[in-house]
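Take this structure first; my questions come after.
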Amino acid sequence: MAKKQAEPGFESLLEKARRFCLYRERSRFEVEKKIKSWGIPYSLTSKIMNALEEEQFINDERFARIYAKSKFNTNKWGKIKIGTFLKSMQIPHNQIKEALWEIPEEEYLKTLEKLASKKEAELRKKYEGFDKKMRIINYLLQKGFESALVYKIADQIIARPSDVE
């Protein structure tokens, strides 16, 4: 039986997709969206996606872990913001949970406290009391930290004497 010939351009499109994936870690959703933007038929898109997964160019679990660690370490994002983005990339819930679980809890809390202290120092001369506390809370919530942790740390920061850093 003769080997079935690939569609014209399959290899060149697959190579283009591989290069897209090599630039940085990508989710399945992101790669599929890019390939569809090339205007190729669904059957060819599907074959390219299958080949990329078999060759481990795309792996949503790996993407989620790397993304969560890098956004926490580089941008100081909280778990809610990271999880929301991963959800928008159509990463399965269990893979999101696993990725967030890998962020060390002690480091997470230290980062939250550092961000709150830094924000309090910025606001120290302009604001007092409740107004300063709300600005710290809003900042930390925008960074994607959990509200229970944010309120707790904001209370601790505001309760400190202003000469303590």
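The numbers here are math on the coordinates, done by the rules we state, and not lab data. The structure presented is a predicted model; accordingly, all values stated were derived computationally and were not measured. Glycine also receives a Cβ, built like all others from the backbone with ideal geometry; neighbour counts cover every protein chain displayed.
Distance check, please: which entries in LYS79/LYS119; LYS79/LYS125; LYS36/LYS71 exceed 23 angstrom between their Cα atoms? Walk me through the numbers on the way to the answer.
Details: LYS79/LYS119 19 Å; LYS79/LYS125 30 Å; LYS36/LYS71 27 Å.
Going by Cα-Cα distance, LYS79/LYS125; LYS36/LYS71 fall outside the 23 Å limit.
Using only Cα atoms, what Kirkwood radius does the stretch 105-159 have, in angstroms? Walk me through the numbers before you get to the answer.
Working: mean 1/r = 0.0916 Å⁻¹.
Taking every pair of different Cα atoms in the stretch 105-159, averaging 1/r and inverting gives 10.9 Å.
Another one. Normalising by the residue count of the chain, find the relative contact order in percent from Cα pairs under 8 Å and 6+ residues apart.
20 percent
Determine, for each peptide in 51-57, 105-111, 143-149, the mean count of other beta carbons within 10 angstrom over its residues, then list the peptides with the highest first.
Peptide ranking by packing, descending: 143-149, 51-57, 105-111.
For CYS21, what charge total do you get from the other residues with a beta carbon under 14 Å from its beta carbon, if Lys and Arg give +1 and Asp and Glu give -1?
Cβ neighbours under 14 Å give a net charge of +1.
So what's the gap between the Cα centers of the stretch 97-163 and the stretch 28-84, to the nearest angstrom?
Centre-to-centre distance over Cα atoms comes out at 31 Å.
Per-residue ellipticity at 222 nm for the chain, helices alone: DSSP H runs ≥ 4 residues times -39500 (n - 2.57), over residue total, nearest 500 deg cm²/dmol?
Calculated mean residue ellipticity at 222 nm is -22500 deg cm²/dmol.
May I pose another question? Leaving out same-chain residues fewer than 8 places away, which aspartates and glutamates sit with a Cα under 12 Å from that of LYS69?
GLU98, GLU102, GLU107
What is the spin-label model distance, in nm, from SER43 to ASN73 if the labels are put 7 Å beyond Cα along the C-beta direction?
My value for the distance between the label points is 4.5 nm.
Give me D for the chain in µm² s⁻¹, whole number, from Stokes-Einstein with Rh from the Kirkwood sum over alpha-carbon pairs, 25 °C and 0.890 mPa s.
Numbers: Rh = 18.7 Å.
Estimated diffusion coefficient is 131 µm²/s.
Something else about it: Would you work out the charge dipole size for the chain about its Cα centre, treating the Cβ of every Lys and Arg as +1 and the Cβ of every Asp and Glu as -1, and quote it to the nearest 20 debye?
Working: 34 positive and 25 negative charges, 104 e Å.
My answer is approximately 500 debye.
Please give the peptides 36-49, 86-99 ranked by average Cβ packing (other Cβ atoms within 10 Å per residue), highest first, as a rough proxy for protection.
86-99, 36-49
Given a Förster distance of 41 angstrom, what is the FRET efficiency for MET134 paired with ARG62, based on the Cβ-Cβ distance and rounded to 0.05?
With R0 = 41 Å, the Cβ-Cβ based efficiency is 0.55.
Please report the base-10 log of the normalised intensity I(q)/I(0) for the stretch 10-54, using a Debye sum with one equal scatterer per alpha carbon and no solvent, at each q in 0.22, 0.29 (1/Å).
Listed by q, the Debye log ratios stand at -0.66, -1.21.
Continuing with this model, one more query. Sorted from fewest to most neighbouring beta carbons within 10 Å, what does the list ARG26, ARG65 look like?
By the 10 Å Cβ count, ascending: ARG65, ARG26.
Need the full-extension length gain, PHE10 to GLU146, defined as separation in residues times 0.36 nm minus the C-alpha distance. One decimal, nm.
44.4 nm
Cut-off 17 Å, label point 7 angstrom out along Cα-to-Cβ of GLU107: give me the residues of the stretch 138-162 whose amide nitrogen falls inside.
none
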